[in-house]
Structure formats: C-alpha cells, structure tokens
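Trainee: Dropping the structure in here first, questions after.
The values are calculated or read from the model by the stated rules, or taken from the named source; none is laboratory data. Everything numeric here is computed off the predicted structure, so don't read it as measured data. Cβ sites come from the backbone with ideal geometry, for glycine too, and all protein chains shown count toward neighbours.
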Amino acid sequence: MTIKETEHVDLATPSGPMRTYLFRPTAPGKYPGILLYSEIFQVTAPIRRTAALLAGHGFVVAVPEIYHEFEPAGAVLAYDQAGADRGNALKTTKPLAAYDTDARAVLAFLRGYEHCTGKLGVIGICIGGHLAFRAAMNPEALAAVCFYATDIHKAGLGQGMKDDSLARIAEIKGELMMIWGRQDPHVPVEGRVKVHAALAAAGTNFTWHEFNGAHAFLRDEGHRYDPELALTCYQLALGLFRRKLGEGDTRAATASGPVETKH
C-alpha cells in the first residue's frame with residue numbers, strides 16, 4: 001500500500017511533551033496500530049524507513065522520541081561515537097518509570113486515533129527492543145517484536161540500572177517474538193539463555209529466533225546491515241502482527257478512484 005508520514009503529535013507525559021511521528025496507509029479507513037521504538041539514536045532515517053515499511057503493509061505506526069525530556073523535539077543523534085555516547089548516557093539517566101508512562105501515552109493515543117482499529121502491537125530495536133518488551137506488559141499490547149533487546153539480561157535500563165523487566169514477565173499477556181543476532185556482543189549467549197529461561201518459566205506465549213548476525217543487522221546503514229536477514233525478520237514480524245492484530249480497511253481512495261490493495 002502507498003503510505004504517508006501524515007503528521008507528528010506532541011503527546012502529554014508526566015515528564016513533558018513527547019514528539020511522536022505517525023505513518024499510515026494513504027487509503028481511507030482504519031488499520032491496526034503499532035508502537036515502534038527506535039535505537040538510542042532516536043528517530044533516524046533508518047527508523048523512518050522501518051516505520052514506512054510497516055505502514056505500507058497496512059498499519060498505523062507511531063514512533064516516539066525516547067529521550068524527549070533531554071533533547072529538543074526533532075533531535076536525532078548521529079551514528080558515530082559521540083551519538084552513541086550521548087544515547088547510552090541518556091539510557092541510564094532517564095527514570096525507568098518515565099519509559100513506562102511514555103509507552104502508555106502512545107498506546108492510549110493509538111487506541112483513540114481516528115485511523116486506528118484499536119488493535120495494538122509493539123516493536124523495537126536495540127534499546128527499543130527492551131522498551132517494546134516492557135510495553136508488552138500493557139494488556140492492550142496483543143503482540144510484541146523485540147529485535148536484539150539490550151540490557152534485559154543484566155537489568156541495565158533506566159536510572160540506577162536496576163530495572164525489573166525480568167521480574168515482570170508474567171504481565172506480558174500477548175504473544176512475544178524475540179529476535180537475536182548470535183554475533184551481538186551486547187547480548188552474549190549467557191544473556192540470551194537467561195532471558196529464554198525466564199520467559200519459559202513464566203509460561204509466556206513467545207517465539208525465539210537466533211540468527212548469525214551482528215548487532216544492528218536490521219539497520220540499513222553501516223557495515224553490519226544484512227539485507228537478506230532483515231527481510232526474513234520483517235516477514236516474521238509482519239506475520240505475527242497480521243495474525244494477532246488483523247487487517248484494516250482496503251476501501252477505495254475516492255468513490256470513483258482506484259481501490260487500494262495490499263498486493
């Protein structure tokens with residue numbers, strides 16, 4: 001489907017307004033909603049392309065700025081050492097509770113958004129994978145996809161680096177998909193084993209995918225990008241979202257115009 005980045009909204013949160021970017025199909029009607037969490041660099045060009053890809057398959061996608069308390073609206077951190085240092089510093093400066101209230105703000109917006117069916121999923125990459133994992137603890141999140149989610153195994157998210165993500169796994173009621181790269185130094189094999197064991201012990205409805213890939217293999221910039229693996233993983237994610245969230249409308253763009261389809 002053809003898509004458009006329709007607008008941005010500044011959502012109210014307890015820690016201040018949160019710039020959130022919206023992508024959706026151009027065809028009129030309502031579509032399931034997806035909360036997309038970025039890497040530590042915020043809403044970069046690769047993240048926008050991921051949002052556009054998801055929207056083009058029939059979803060309304062909302063992408064918040066995860067560091068809205070610390071950076072001016074519209075700020076993007078560079079894919080360099082300075083950008084990484086800034087993003088990693090903010091990751092453990094922001095209070096854990098603020099990440100959770102941010103998630104609830106986006107989910108509430110999507111649930112009431114005029115172009116959304118109210119069926120919601122979450123997806124995230126790197127720190128965003130961890131944030132998607134936590135967002136999945138909200139009952140309205142019917143499906144969640146976490147790409148190489150950092151710090152879950154070592155409780156390293158948020159101020160004080162003592163997050164409770166593993167302890168709260170039982171709150172995840174939707175279906176969870178975990179995707180990892182075996183050559184990712186940020187989540188070593190012992191870390192992946194720890195997360196898998198906790199999910200299994202909690203009786204979580206989840207699938208687990210490990211591939212020969214480096215950290216950031218999904219990002220379509222830089223030497224770690226693996227296009228074939230990225231395509232495989234996008235197909236896995238879209239399959240889950242379609243199965244759990246359903247499909248939206250595919251009505252005509254105008255009364256006499258061509259019909260938008262998903263072909």
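Trainee: I need the strands (runs of 3 or more DSSP E) fully contained in segment 18-105, keeping only those with at least 1 residues that are in contact with a Lys or Arg (Cβ under 9 Å, 6 or more places away or on another chain), closer than 17 Å to residue 121 by Cβ and of a type in the set (Phe, Trp, Tyr). So that I can check it myself, show each step before the final result.
Mentor: Values: elements: 18-25, 31-37, 60-64.
Counting at least 1 such residues, we get 18-25, 31-37.
Trainee: Same structure again: Could you tell me whether segment 43-50 includes any residue that is buried (at least 22 other Cβ atoms within 10 Å of the Cβ), within 21 Å of residue 225 (Cα to Cα) and without any contact (Cβ under 8 Å) to a residue 40 or more places away in the chain?
Mentor: So far as segment 43-50 goes, yes, one or more of its residues are buried (at least 22 other Cβ atoms within 10 Å of the Cβ), within 21 Å of residue 225 (Cα to Cα) and without any contact (Cβ under 8 Å) to a residue 40 or more places away in the chain.
Trainee: Search segment 193-210 for residues being touching a strand residue (DSSP E or B) at 6+ places or on another chain (Cβ under 6 Å) and of a type in the set (A, V, I, L, M, F, W, C), and hand back the single one that is farthest from residue 165 (Cα to Cα).
Mentor: The selected residue is 208.
Trainee: Which one is surrounded by the fewest Cβ atoms within 10 Å (Cβ to Cβ) among residues in segment 84-108 that are more than 16 Å from residue 157 (Cβ to Cβ) and of a type outside the set (A, V, I, L, M)?
Mentor: Going through the qualifying residues, I end up with 85.
Trainee: Further question on the same structure: Mind listing just one residue for me: the one in segment 207-263 that is outside any helix (DSSP H, G or I), of a type in the set (S, T, N, Q) and modelled with pLDDT of 95 or more and, of those, surrounded by the fewest Cβ atoms within 10 Å (Cβ to Cβ)? Spell out how you get there, then give the answer.
Mentor: Step one: of segment 207-263, the residues outside any helix (DSSP H, G or I) are 207-226, 246-263.
So of that shortlist, the ones also of a type in the set (S, T, N, Q) come out as 207, 212, 250, 254, 256, 261.
With modelled with pLDDT of 95 or more added as a condition, the list becomes 207, 212.
Working: 207: 12, 212: 10.
Here the answer is 212.
Trainee: Which one of these is assigned to a loop (DSSP other than H, G, I, E, B) and more than 25 Å from residue 69 (Cα to Cα): 153, 196? Let's see the steps before the verdict.
Mentor: On the way: 196 fails: assigned to a loop (DSSP other than H, G, I, E, B).
Exactly one residue qualifies, and that residue is 153.
Trainee: Pick from segment 6-27 the residues that are out of contact with any Asp or Glu (no Cβ under 9 Å at 6 or more places or on another chain) and closer than 20 Å to residue 45 by Cα: which of them is surrounded by the fewest Cβ atoms within 10 Å (Cβ to Cβ)?
Mentor: Only one residue tops the list, namely 7.
Trainee: Right, next: Taking residue 85, is it within 20 Å of residue 42 (Cβ to Cβ), without any contact (Cβ under 8 Å) to a residue 12 or more places away in the chain and acidic (Asp, Glu)? Reasoning before the result, please.
Mentor: Details: within 20 Å of residue 42 (Cβ to Cβ): yes; without any contact (Cβ under 8 Å) to a residue 12 or more places away in the chain: yes; acidic (Asp, Glu): yes.
Criteria met by residue 85.
Trainee: Then there is this: Between a first residue in segment 62-77 that is in contact (Cβ under 8 Å) with a residue 60 or more places away in the chain and surrounded by 16 or more Cβ atoms within 10 Å (Cβ to Cβ) and a second residue that is assigned to a loop (DSSP other than H, G, I, E, B) and not acidic (Asp, Glu), which pairs have beta carbons less than 7 Å apart while being 6 or more apart in sequence or on different chains?
Mentor: Listed pairs, sorted by first residue: 66/38; 66/42.
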